[in-house]
Every structure is written in C-alpha cells, then in structure tokens.
1. So, in segment 10-47, of the ones that are open to solvent by less than 50 Å² (accessible area, probe 1.4 Å) and of a type in the set (Val, Ile, Thr), which residue ends up farthest from ligand 1 (Cβ to nearest atom)?
2. Residue by residue through segment 75-100, note down the ones that are more than 16 Å from ligand 2 (Cβ to nearest atom), open to solvent by 20 Å² or more (accessible area, probe 1.4 Å) and hydrophobic (A, V, I, L, M, F, W, C).
3. From the list Ala23, Ala65, which one is at pLDDT 95 or above, out of contact with any Leu (no Cβ under 8 Å at 6 or more places or on another chain) and more than 20 Å from Ala127 (Cβ to Cβ)?
4. Enumerate the pairs (first residue in segment 1-14 and closer than 10 Å to Lys43 by Cα; second residue anywhere and within 9 Å of ligand 2 (Cβ to nearest atom) and among the aliphatic types (A, V, I, L, M)) with beta-carbon separation below 7 Å, excluding pairs fewer than 6 apart on the same chain, so at least 6 apart or on different chains.
5. If you take the residues of segment 35-54 that are in contact with an Asp or Glu (Cβ under 7 Å, 6 or more places away or on another chain) and assigned to a loop (DSSP other than H, G, I, E, B), which of them is nearest to ligand 2 (Cβ to nearest atom)?
6. Looking at Ser7, Ser15, which is the one that is polar (S, T, N, Q) and closer than 20 Å to Leu69 by Cβ?
7. Is it fair to say Phe5 is within 12 Å of ligand 2 (Cβ to nearest atom), outside any loop (DSSP other than H, G, I, E, B), open to solvent by less than 50 Å² (accessible area, probe 1.4 Å) and touching a Leu at 6+ places or on another chain (Cβ under 9 Å)?
8. Taking the criterion of being of a type outside the set (Ser, Thr, Tyr), in contact with a Lys or Arg (Cβ under 8 Å, 6 or more places away or on another chain) and either within 18 Å of Phe27 (Cα to Cα) or open to solvent by less than 50 Å² (accessible area, probe 1.4 Å) (or both), would at least one residue in segment 55-72 satisfy it?
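The values are calculated or read from the model by the stated rules, or taken from the named source; none is laboratory data. Just so we're clear, the structure is a prediction, and the values are computed from it rather than from any experiment. FYI the Cβ positions are ideal-geometry reconstructions off the backbone, even for glycines, and counts take in every protein chain you see. The accessibility values were calculated without ligands, DNA or RNA, using every heavy atom of the protein model including side chains. Shrake-Rupley method; radii C 1.70, N 1.55, O 1.52, S 1.80 Å.
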Amino acid sequence: MSCLFCSIVAGEIPSKLVYEDDAALAFLDINPWHAGHTLVIPKEHVETVLEDSSILAEIAPAIVATAALLTAKLGADGMNVLSNAGGVSGQEVFHAHVHLIPRYANLPGIAGMSMREDGIDLNEIHARIVN
Ligand code: 5GP
Ligand code: ZN
C-alpha cells in the first residue's frame, strides 16, 4: 500500500525539510495554517501516534528541536503541538505526524489556531528556517 509520507521519507516526493534525525523527519506542511506550520513524522510507518507507546518518545527529540528552531528563526510567540489520530479527529494522512503550528501574538488563543493565514510563501519561510 502506498503512503504519501513514506514516499517523502524515501525521497520519492519532495518536501521542504527543516530537521532530520535517525528517527524522524520534519518538513513544512504544504497547506499551512500559520507561517512555519511543520509536520514531524517518524521514519517508520505507523498510522497514528497512539498505535504504539514508543512512537511519541522516538520523535520527541525531533519535536522539541524543531519547535526550538521554528521559534528562533521565525520569532514565534507560542506553538500548538497537535496530532490527529483517526479520520473523525481530522486525520487525512494515515502516517503518524505531529503538527507544530507556530503562533504569533497578533492572532492569539486556541480559536486563532484554525484561522488560516493567507498568502504564506513556503519558499520564503523555508529559506528563513534553514539559512
Ligand atoms: P492531518 O489532517 O492528517 O492531521 O494532516 C495532514 C497534513 O498533511 C495536512 O495539514 C496537509 O496540508 C498536509 N499534507 C498533505 N499532503 C502533503 C504533501 O504532499 N506534502 C506536505 N508537505 N504536506 C502535505
Ligand atoms: Zn507511511
């Protein structure tokens, strides 16, 4: 069975990578809610972060390092750390992933999380993070 995020891990589909370690990849979400919206995924295929008690632990260093990178490079004021598990929760890609959604003081609060910002330039954001 083909899996979009396994194809990204294999390098068959391009991604705007921001962080990698032995267990995880982090790359920009193609349809960001806020500037710097990033997905952290385990390199191994599991459907959700709740499938196995080790998954979140394995990718925890990547989650923390990537959040620190986004905060430093983009000047984020906060961060939503979110994982959807199961279709009813909103999961659309069934390879476990944690959303890191940088938040900015101009649009605070949980309600602001899903107020998608228009006009985010992924190339510009990626350059700011990796340079
Ligand atoms: P979910 O709804 O499963 O929690 O989140 C899946 C996320 O993957 C969505 O935010 C969506 O924008 C993102 N996404 C879907 N296809 C691609 C892709 O091909 N590349 C990247 N970088 N992100 C994707
Ligand atoms: Zn997969």
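1. Among those that are open to solvent by less than 50 Å² (accessible area, probe 1.4 Å) and of a type in the set (Val, Ile, Thr), it is Val46.
2. Passing the criteria: Met79, Val81, Leu82, Val88.
3. Numbers: Ala65 fails: more than 20 Å from Ala127 (Cβ to Cβ).
Residue meeting the stated conditions: Ala23.
4. Correct list of pairs: Phe5/Ile41; Phe5/Val93.
5. Step one: list which residues in segment 35-54 are in contact with an Asp or Glu (Cβ under 7 Å, 6 or more places away or on another chain), which gives 35, 37-39, 42, 46.
This time we only want the ones that are assigned to a loop (DSSP other than H, G, I, E, B), so: 35, 37, 46.
Details: Ala35: 26, His37: 20, Val46: 8 Å.
Among those that are in contact with an Asp or Glu (Cβ under 7 Å, 6 or more places away or on another chain) and assigned to a loop (DSSP other than H, G, I, E, B), it is Val46.
6. Values: Ser7 fails: closer than 20 Å to Leu69 by Cβ.
The conditions single out Ser15.
7. On the way: within 12 Å of ligand 2 (Cβ to nearest atom): yes; outside any loop (DSSP other than H, G, I, E, B): yes; open to solvent by less than 50 Å² (accessible area, probe 1.4 Å): yes; touching a Leu at 6+ places or on another chain (Cβ under 9 Å): yes.
Here the answer is yes, as Phe5 does meet what is asked.
8. First, the residues of segment 55-72 that are of a type outside the set (Ser, Thr, Tyr): 55-65, 67-70, 72.
Filter again for in contact with a Lys or Arg (Cβ under 8 Å, 6 or more places away or on another chain), leaving none.
Within segment 55-72 (the criterion being of a type outside the set (Ser, Thr, Tyr), in contact with a Lys or Arg (Cβ under 8 Å, 6 or more places away or on another chain) and either within 18 Å of Phe27 (Cα to Cα) or open to solvent by less than 50 Å² (accessible area, probe 1.4 Å) (or both)), the answer is no, since none of the residues qualifies.
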